[in-house]
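The values are calculated or read from the model by the stated rules, or taken from the named source; none is laboratory data. Source: prediction; values computed, not measured. Cβ placement follows ideal geometry from the backbone for every residue including glycine, while neighbour counts extend to all protein chains displayed.
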Amino acid sequence: MSHLIAPSILSADFANLQRDCEMINNSKADWFHIDIMDGVFVPNISFGFPVLKAIQRHAKKPLDVHLMIVDPDRYAQAFKDAGAEVLTVHYEACTHLHRSIQNIKNLGMKAGVAINPHTSAHLLEDVIKDIDLICVMSVNPGFGGQKFIENTYTKIKQLAELKKKYNSNALIEIDGGVDLNNYKKLIDAGANVLVAGNTVFASKDPVATIQQLKS
């Protein structure tokens with residue numbers, strides 16, 4: 001499988017959200033990556049259901065929704081109703097992670113688990129066969145445009161080994177600091193999905209940038 005590109009809507013122009021959604025539709029991007037932040041789990045607030053539903057109206061590609069919130073189980077059904085096809089919860093936010101994963105899958109979505117930079121890859125050993133996606137935070141979550149954490153390459157390789165050991169089909173997604181200088185190295189290490197925010201939306205030609213990230 002060739003790798004997937006998921007532009008992060010957090011870096012879009014919210015005054016021109018329809019325009020930016022249509023740009024993604026017309027590009028080689030595969031998913032829309034949507035960060036939901038509550039100001040509690042992470043020190044920032046992004047947007048909620050009204051904006052997500054507005055994106056859903058215009059998006060012609062799957063919505064990859066990344067919950068950086070406490071108590072994500074409360075909202076799984078609401079995110080399903082708002083159009084999420086992939087729903088990712090944080091390892092650090094789930095007291096009963098396996099239950100959270102099963103709940104997402106029972107609602108008909110693909111289940112992802114995100115891990116913060118300080119969280120060891122091996123902590124996913126007990127759920128790696130049950131999940132569809134592992135989101136590796138390559139920056140500390142909460143804000144776009146941060147510096148990439150180099151230990152991410154080691155973590156990708158550890159996850160690739162775990163996948164092999166347990167015969168898991170989970171995609172490895174990298175979120176944070178992905179740019180034109182490191183994307184090939186990330187793919188070579190074993191990444192399957194690249195989330196790109198500032199790299200895409202700050203580009204003079206976002207469609208061409210996505211094409212380059214995809215190549």
Among the listed residues GLY145, GLY112, GLY176, which satisfies the condition of being of a type in the set (Gly, Ala, Ser), surrounded by 15 or more Cβ atoms within 10 Å (Cβ to Cβ), closer than 22 Å to LEU67 by Cβ and modelled with pLDDT under 95? GLY176
Looking only at the stretch 3-22, how many residues end up being part of a helix (DSSP H, G or I) and either surrounded by 19 or more Cβ atoms within 10 Å (Cβ to Cβ) or of a type in the set (Gly, Ala, Ser) (or both)? 6
How many residues, within the stretch 43-75, are under 16 Å from the mean Cα position of the chain (by Cα) and either farther than 16 Å from LEU10 by Cβ or of a type in the set (Phe, Trp, Tyr) (or both)? 4
Select from the stretch 54-110 the residues that are more than 19 Å from PRO7 (Cα to Cα) and either assigned to a strand (DSSP E or B) or of a type in the set (Val, Ile, Thr) (or both) and list them in ascending order. ILE69, VAL70, HIS90, THR95, ILE101, ILE104
Candidate set from the stretch 138-195 (those that are in a helix (DSSP H, G or I) and free of Cβ contacts under 8 Å to residues at least 24 places away in the same chain); member that is farthest from SER11 (Cα to Cα): LYS165
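If I filter the stretch 127-135 for residues that are within 17 Å of ALA6 (Cα to Cα) and touching a helix residue (DSSP H, G or I) at 6+ places or on another chain (Cβ under 9 Å), do I get at least one hit? Quick ask: steps written out before the conclusion?
Looking only at the stretch 127-135, we keep the residues that are within 17 Å of ALA6 (Cα to Cα), and these are 132-135.
Checking which are touching a helix residue (DSSP H, G or I) at 6+ places or on another chain (Cβ under 9 Å) leaves us with 132, 134.
The answer is yes; a qualifying residue exists.
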Looking for whichever is touching a residue at least 24 places away in the same chain (Cβ under 8 Å) and buried (at least 17 other Cβ atoms within 10 Å of the Cβ) here; the options are HIS90, HIS122, HIS98. Which one fits? HIS90
Criterion violated by ALA196 - all others in (1) within 19 Å of PRO72 (Cβ to Cβ); (2) touching a Ser or Thr at 6+ places or on another chain (Cβ under 9 Å); (3) hydrophobic (A, V, I, L, M, F, W, C) satisfied: (1)
State yes or no: is LYS53 without any contact (Cβ under 8 Å) to a residue 60 or more places away in the chain and either more than 21 Å from GLU92 (Cβ to Cβ) or surrounded by fewer than 16 Cβ atoms within 10 Å (Cβ to Cβ) (or both)? yes
